[in-house]
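Student: Sharing a structure with you now.
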Amino acid sequence: MSNLLLDASMVISNTDYVAFTFFIGTMAMMAAAVFFFFEVGNTAPEWRTSVLVSGLITFIAAVHYYYMRGYSLETGESPIFFRYVDWILTVPLMCVEFYLITKKAGAKASLLWKLIFASVIMLVTGYWGEAVARDQAAFWGLVSGLAYFYIVYEVFAGEVAKLAKASNPAVQKAVSALLKFVIIGWAIYPVGYMAGTADGQWYAFMKDLPLDMDIIYNIGDAVNKIGFGLVIYSLSRSK
Ligand SMILES: *C/C=C(C)/C=C/C=C(C)/C=C/C1=C(C)CCCC1(C)C
């Protein structure tokens with residue numbers, strides 16, 4: 001009887017892990033945003049902007065997860081468009097987050113613009129390979145990957161690392177956390193991309209692996225948006 005009122009497409013099976021991660025992602029991003037926003041006032045002044053930006057990143061993601069969750073449920077397809085709109089807003093904000101940390105170690109504003117520029121190239125070419133020219137997904141993924149390596153290079157080998165060594169322990173810890181997130185946390189995404197675009201590419205073997213693009217992206221977002229925010233939060237509390 002009650003089933004008559006339910007649209008079959010809205011019934012989630014117990015083994016629909018994609019839907020599961022979109023639902024839990026929505027709630028986790030919302031909760032994280034509320035947490036960061038409320039904690040801004042409790043934070044030492046020099047860390048306040050960082051905690052606020054973490055709140056903005058998780059808030060923007062919460063809204064996009066809400067839409068992605070609905071899109072995925074109703075169409076059964078990947079919400080590529082919402083995903084990249086989310087990233088094009090939140091990844092530059094993560095660059096701001098990185099800059100706020102490295103600034104404490106003496107980095108210049110030009111670093112911020114280099115990071116933002118490279119991240120936009122990384123995302124536009126990734127979108128192109130996923131949504132527009134899927135036949136050439138390997139090529140566009142490679143271009144995107146080069147922009148990603150440039151970002152790693154800028155924060156890893158550049159002046160930032162040198163300047164960090166000369167700064168106080170909290171800043172040193174923050175810079176080393178940021179390196180780990182860019183090198184390990186961000187590397188989750190290319191794996192998702194390859195799993196999702198494997199058809200007809202040299203990495204076609206990935207189709208046979210139990211990997212799902214959206215689940216991998218959702219894990220990446222949880223690690224990099226909520227996880228990184230919490231690391232910054234806890235560093236802001238250390239003496
Ligand atoms: C909150 C969202 C974040 C931190 C998103 C980060 C996304 C990436 C680091 C994506 C990277 C990609 C490559 C390096 C190659 C393949 C295409 C992308 C866009 C998935």
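Read the figures in this text as sums done on the coordinates, not as results from a lab. Just so it is clear, the structure is predicted and the values come from calculations on it, not from any experiment. In this analysis, Cβ positions are derived from the backbone assuming ideal geometry, glycine residues included, and neighbour counts consider all displayed protein chains.
Student: Tell me, yes or no, whether segment 194-211 has at least one residue that is on the phi < 0 side of the Ramachandran plot, surrounded by fewer than 20 Cβ atoms within 10 Å (Cβ to Cβ), more than 11 Å from the ligand (Cβ to nearest atom) and under 11 Å from the mean Cα position of the chain (by Cα).
Tutor: No, segment 194-211 contains no residue that is on the phi < 0 side of the Ramachandran plot, surrounded by fewer than 20 Cβ atoms within 10 Å (Cβ to Cβ), more than 11 Å from the ligand (Cβ to nearest atom) and under 11 Å from the mean Cα position of the chain (by Cα).
Student: Which one is nearest to the ligand (Cβ to nearest atom), of the residues in segment 133-186 that are exposed (fewer than 14 other Cβ atoms within 10 Å of the Cβ) and not in a helix (DSSP H, G or I)?
Tutor: Ranking the qualifying residues of segment 133-186, first place goes to ALA133.
Student: Sticking with this structure for a sec: State the number of residues belonging to segment 152-189 that are touching a Leu at 6+ places or on another chain (Cβ under 9 Å) and without any contact (Cβ under 8 Å) to a residue 40 or more places away in the chain.
Tutor: Of the residues in segment 152-189, 3 are touching a Leu at 6+ places or on another chain (Cβ under 9 Å) and without any contact (Cβ under 8 Å) to a residue 40 or more places away in the chain.
Student: Going through segment 70-99 one residue at a time, which ones are more than 16 Å from the ligand (Cβ to nearest atom) and either assigned to a helix (DSSP H, G or I) or in contact with a helix residue (DSSP H, G or I) (Cβ under 6 Å, 6 or more places away or on another chain) (or both)? Give the derivation first.
Tutor: Here is the first cut: in segment 70-99, the ones more than 16 Å from the ligand (Cβ to nearest atom) are 70-77.
The answer is GLY70, TYR71, SER72, LEU73, GLU74, THR75.
Student: Yes or no: segment 215-238 includes at least one residue that is of a type in the set (Lys, Arg) and more than 30 Å from TYR71 (Cα to Cα).
Tutor: Filtering segment 215-238 down to residues of a type in the set (Lys, Arg) leaves 225, 237.
Those left that are additionally more than 30 Å from TYR71 (Cα to Cα): 237.
Looking for residues that are of a type in the set (Lys, Arg) and more than 30 Å from TYR71 (Cα to Cα), one finds at least one in segment 215-238, hence yes.
Student: Just give me the residues in segment 25-48 being touching a residue at least 40 places away in the same chain (Cβ under 8 Å), closer than 24 Å to LYS104 by Cα and assigned to a helix (DSSP H, G or I), in sequence order. Let's see the steps before the verdict.
Tutor: Step one: list which residues in segment 25-48 are touching a residue at least 40 places away in the same chain (Cβ under 8 Å), which gives 25-26, 28-29, 32, 36, 39, 43-44, 46-47.
Next, from what is left, pick out any that are closer than 24 Å to LYS104 by Cα: 36, 39, 43-44, 46-47.
Listed by number, the residues that qualify are PHE36, GLU39, GLU46, TRP47.
Student: Could you tell me which residue of segment 100-122 is farthest from the chain's Cα centre (by Cα), considering only residues that are surrounded by fewer than 18 Cβ atoms within 10 Å (Cβ to Cβ) and either within 12 Å of the ligand (Cβ to nearest atom) or at positive phi (or both)?
Tutor: Filtering first and then ranking leaves GLY106.
Student: For segment 19-42, how many residues meet the condition of being among the hydroxyl-bearing types (Ser, Thr, Tyr) and out of contact with any Phe, Trp or Tyr (no Cβ under 8 Å at 6 or more places or on another chain)?
Tutor: Step one: of segment 19-42, the residues among the hydroxyl-bearing types (Ser, Thr, Tyr) are 21, 26.
Checking the rest, the ones that are also out of contact with any Phe, Trp or Tyr (no Cβ under 8 Å at 6 or more places or on another chain) come to 21.
Of the residues in that region, 1 qualify.
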